[in-house]
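Report on one structure; see the data block that follows.
The values are calculated or read from the model by the stated rules, or taken from the named source; none is laboratory data. Remember, it's a predicted structure, so these values are computed and weren't measured experimentally. Cβ placement follows ideal geometry from the backbone for every residue including glycine, while neighbour counts extend to all protein chains displayed. Surface accessibility is based on the protein's heavy atoms, side chains included, excluding ligands, DNA and RNA. Shrake-Rupley method; radii C 1.70, N 1.55, O 1.52, S 1.80 Å.
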Amino acid sequence: MTLTTEELYTKAGLEIKVNRKYYKLNPVDKSIKAAGSRGQAVDQKVEKYERQELPNLSELKSGDLVEIELEIDSKNDYEYLIFEDMKPAGFEPVDLRSGYTGNDLGAYVEFRDNRVVFFARTLARGKHSVAYRMRAEIPGRFSALPARGSAMYAPELKANSDEIKIGVKD
């Protein structure tokens, strides 16, 4: 990705493509039948959300939960790839511990101060998806620079997603 004077960065990539989607998570009341201490059936509340896709220039309230999904499309099999998603100011990841999270890629995830990074040892041909959650915290208008994907040892293999601008109000 080269810096330009464009108002909004647009996605690019040939062999691999990265598409980033932001979803607002709306809580839904849900309960399941679970076994009680004596084997009886009891209702147990579970955490469940409805995803609502956020277009560019969306508005959120402080405290809203957001899921960011990176959809990765690969034309070939590759090894040792890195996917970096730049965090918009005013948002903080819900998970703070880096490590293996059991995502679709089997990727190692690092939560850094300005980005979330996925390290994938292998990437099979086809479509894949990884996601993480952030919470909107500080009011203002923010820009999330494009998510980037590249091969660690072959820098000519690269792609980036669209930029998105989001507002947070109190």
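Here the chain is treated with +1 on each Lys and Arg Cβ and -1 on each Asp and Glu Cβ, and its dipole about the Cα centre works out to around 440 debye. Counting only protein heavy atoms, what percent of the accessible surface of region 37-170 is carbon or sulfur at a 1.4 Å probe? The nonpolar share, carbon plus sulfur, comes to 47 percent. Relative contact order of the chain: 32 percent, from C-alpha pairs under 8 Å at least 6 residues apart in sequence. Using the Cβ-Cβ distance between residue 114 and residue 31 with R0 = 41 Å, the FRET efficiency computed as 1/(1 + (r/R0)^6) comes to roughly 0.60.
The local environment of residue 33, defined by Cβ-Cβ distances under 14 Å, has a net charge of +1 under the rule Lys, Arg +1 and Asp, Glu -1.
Listed peptides 8-15, 103-110, 38-45, 64-71 appear in the order 64-71, 103-110, 8-15, 38-45 once ranked by packing, highest mean of other Cβ atoms within 10 Å at the front. Need the C-alpha centroid separation for region 101-170 versus region 14-72, integer Å. The distance from the Cα centre of region 101-170 to that of region 14-72 comes to 17 Å. Solvent-accessible area per residue in region 36-170 equals 57 Å², computed with a 1.4 angstrom probe and all protein chains kept.
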